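Taking it in order: structure first as structure tokens, then the write-up.
The values are calculated or read from the model by the stated rules, or taken from the named source; none is laboratory data. Here the structure is a predicted model, which means the values were calculated and not measured. Positions of Cβ are backbone-derived with ideal geometry, glycine not excepted, and every protein chain shown enters the neighbour counts.
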2 protein chains.
Amino acid sequence: MPKAKYDEIYLDLKRAVENGTYPYGSLLPSENSLITQYGCSRNTIRRALAGLGEGGYVQPIHGKGVRVIYQPSERASFTVGGIESFHETARRNRLNVVTKVIRFEETVVDAALARESGFLEGEEVYDILRVRYLDGKPLILDHNFFLKSLVPGLTAEIAAGSVYAYIEKKLGMQIVTSKRTITVEHATAEDGELLDLGDYNCLAVVSGQTFNADGLLFEYTQSRHQPDYFSFHDTASRKKKELLT
Amino acid sequence: MPKAKYDEIYLDLKRAVENGTYPYGSLLPSENSLITQYGCSRNTIRRALAGLGEGGYVQPIHGKGVRVIYQPSERASFTVGGIESFHETARRNRLNVVTKVIRFEETVVDAALARESGFLEGEEVYDILRVRYLDGKPLILDHNFFLKSLVPGLTAEIAAGSVYAYIEKKLGMQIVTSKRTITVEHATAEDGELLDLGDYNCLAVVSGQTFNADGLLFEYTQSRHQPDYFSFHDTASRKKKELLT
DNA sequence: GCCGATTTGTCCGTATGTATC
DNA sequence: CGATACATACGGACAAATCGG
């Protein structure tokens, strides 16, 4: 539920772009038009437009207008973009999901994990290993570390459902920033035992940190994906800055 | 050369965060402090801070301050984040680079390529296949399609160097928005012949479109990376919006 | 090539709301 | 409760790029 005016305008324009009201290659109405349409200030319009730009929907052209660069074919596929939980992603793709908890332990961050995760050595964490089944096939191996001080009361039962739902609904903690690194790695023996890799000898690995509304790191996760069910989308834009060499 | 005030402030703060002046976990000076420090308006400061937030350097906390969530270890590795050309990336990682042009043709977009690339069927394009050698090893297979109408005069010689440098310096066209999708695919026979894949039977594939300053699509590229030399970083933040299920 | 209208880009000042402490 | 800090919104001003006459 967006309460901010710029967010409502953003969602409205986004919908209009997605449903083809403003087709690919066309220009949006000028900022002045939008100001009168929505009855707000220029800053508010510009903020909404900035959101569309970040999402790869439009690109502003100085002195000319704001061009739509969104092509409707861009849906489909199993996406891991933005911040969303595994269950959100699965639901969006209409997949039947089962989670099996392989390991659920409480442990202490050692030097190696500290370097990898960003946690401090000696902090107490939950160490959870889970396999995700999509439509019956074991396709994702999730290895999560949650900080006990920020995510207290975790159990194996919760881990079998949605930890994020527990964090946001039960603990009332908001998930705000997520940093991820994507790599491709050799499949380990463990990967081969737990996942249905087919004839792949490697998989897509998403490693990432998650920060709450206080800007505190509370999770480090490594997610290992069977390649067929992995796809990641990204949009980047370059300001003026430096030229190429 | 940043001429915008908010960009200078952004770069200044970014440097300060990177070199530890504002360490991980600490709060930046308040917006009011920064206003007096830099002698500018609140909007300008907020714009600079927004840039830091997008880049994953900081996270604002309502009523409290702006927390630094950048950890210095985050450089390293061969990154493909942001918009930068292959040569930029290689130079940043201090790698010796050689490009070998396998194929350089002029062709016309057919139905299949149109669906995949976003070009219109019938448009004329350059079809370029290149192998990138890093420190002597063939590690990346680039398949580019450049629109002839927007990138005229390409030659195999230019393709052996930096096409982007040609585009920006010679043609004076600016590269602005880039959309990419990352997947992991089985290695093809061609991959095996042209690249040094070791015992990997798959590779990281980056497919993407590039738009110029007019918001026009001028390039579609598929870049196939030997896994050892591929890593992609991303930072995402969630506004308020919807809760998780 | 110039001029003027339109459009986006930058910047400033101010006011009010809301969260934290 | 008051002080501080970030969030939203409005208004105005001028610069810079585009385009048509």
*Residues being within 18 Å of A:SER178 (Cα to Cα) and either in a strand (DSSP E or B) or within 12 Å of DNA strand D (Cβ to nearest atom) (or both) - total across segment B:46-61*: 8
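When you look at B:LEU139, is it away from chain A (no Cβ under 11 Å), buried (at least 16 other Cβ atoms within 10 Å of the Cβ) and at pLDDT below 95, yes or no? Explain how you work it out, then say what you get.
On the way: away from chain A (no Cβ under 11 Å): yes; buried (at least 16 other Cβ atoms within 10 Å of the Cβ): yes; at pLDDT below 95: yes.
Yes.
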_So the check is Cβ under 7 Å with 6+ separation or different chains; which pairs have a first residue in segment A:30-48 that's within 14 Å of chain B (Cβ to nearest Cβ) and of a type in the set (Lys, Arg) and a second one that's in a helix (DSSP H, G or I) and more than 8 Å from DNA strand D (Cβ to nearest atom)?_
A:ARG42/A:GLU31; A:ARG46/A:GLU31
*Of the numbered conditions (1) buried (at least 19 other Cβ atoms within 10 Å of the Cβ); (2) more than 11 Å from chain B (Cβ to nearest Cβ); (3) among the hydroxyl-bearing types (Ser, Thr, Tyr), A:TYR57 fails exactly one; give the number of that condition.*
(2)
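Step by step: first the residues of segment A:219-238, then only those that are more than 16 Å from the chain's Cα centre (by Cα) and more than 7 Å from every other protein chain (Cβ to nearest Cβ), then the one that is nearest to B:VAL206 (Cα to Cα). Which residue is that? Don't jump to the end; show me each part of the working.
Filtering segment A:219-238 down to residues more than 16 Å from the chain's Cα centre (by Cα) leaves A:226-228, A:237-238.
In the following step, the residues that additionally are more than 7 Å from every other protein chain (Cβ to nearest Cβ) were identified as A:226, A:228.
Details: A:GLN226: 17, A:ASP228: 15 Å.
Filtering first and then ranking leaves A:ASP228.
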*Hits in segment A:14-26 - residues which are within 15 Å of DNA strand C (Cβ to nearest atom), touching a residue at least 40 places away in the same chain (Cβ under 8 Å) and part of a helix (DSSP H, G or I)*: A:VAL17
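Output the residues belonging to segment B:32-45 that are surrounded by 15 or more Cβ atoms within 10 Å (Cβ to Cβ) and more than 9 Å from DNA strand C (Cβ to nearest atom). It would help to see each step written out before you state the result.
Of segment B:32-45, the ones surrounded by 15 or more Cβ atoms within 10 Å (Cβ to Cβ) are B:34-35, B:38, B:40, B:44-45.
Scanning segment B:32-45 gives a single hit, B:LEU34.
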*One residue from A:GLU193, A:GLU168, A:GLU219 being assigned to a strand (DSSP E or B), among the acidic types (Asp, Glu) and more than 27 Å from B:THR177 (Cβ to Cβ)*: A:GLU219
*Search segment A:219-240 for residues that are without any contact (Cβ under 8 Å) to a residue 24 or more places away in the chain and farther than 18 Å from A:GLU193 by Cβ and pair each with any residue that is of a type in the set (Gly, Ala, Ser) and in a strand (DSSP E or B) when their beta-carbon atoms are under 9 Å apart and the residues are at least 6 apart or on different chains.*
A:ALA236/B:SER178; A:ARG238/B:SER178
*So which residues in segment B:90-110 are surrounded by fewer than 19 Cβ atoms within 10 Å (Cβ to Cβ) and within 21 Å of B:LEU216 (Cβ to Cβ)?*
B:GLU106, B:THR107, B:VAL108, B:ASP110
_For segment B:46-72, which positions are within 14 Å of DNA strand C (Cβ to nearest atom) and among the aliphatic types (A, V, I, L, M)?_
B:ALA48, B:LEU49, B:ALA50, B:ILE61, B:VAL66
_Among the residues in segment A:196-208, are any within 13 Å of chain B (Cβ to nearest Cβ) and touching a Phe, Trp or Tyr at 6+ places or on another chain (Cβ under 6 Å)?_
yes
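Could you please let me know if B:SER162 is surrounded by fewer than 21 Cβ atoms within 10 Å (Cβ to Cβ), more than 26 Å from A:PRO60 (Cβ to Cβ) and within 11 Å of chain A (Cβ to nearest Cβ)?
Details: surrounded by fewer than 21 Cβ atoms within 10 Å (Cβ to Cβ): yes; more than 26 Å from A:PRO60 (Cβ to Cβ): yes; within 11 Å of chain A (Cβ to nearest Cβ): yes.
Yes: the conditions hold for B:SER162.
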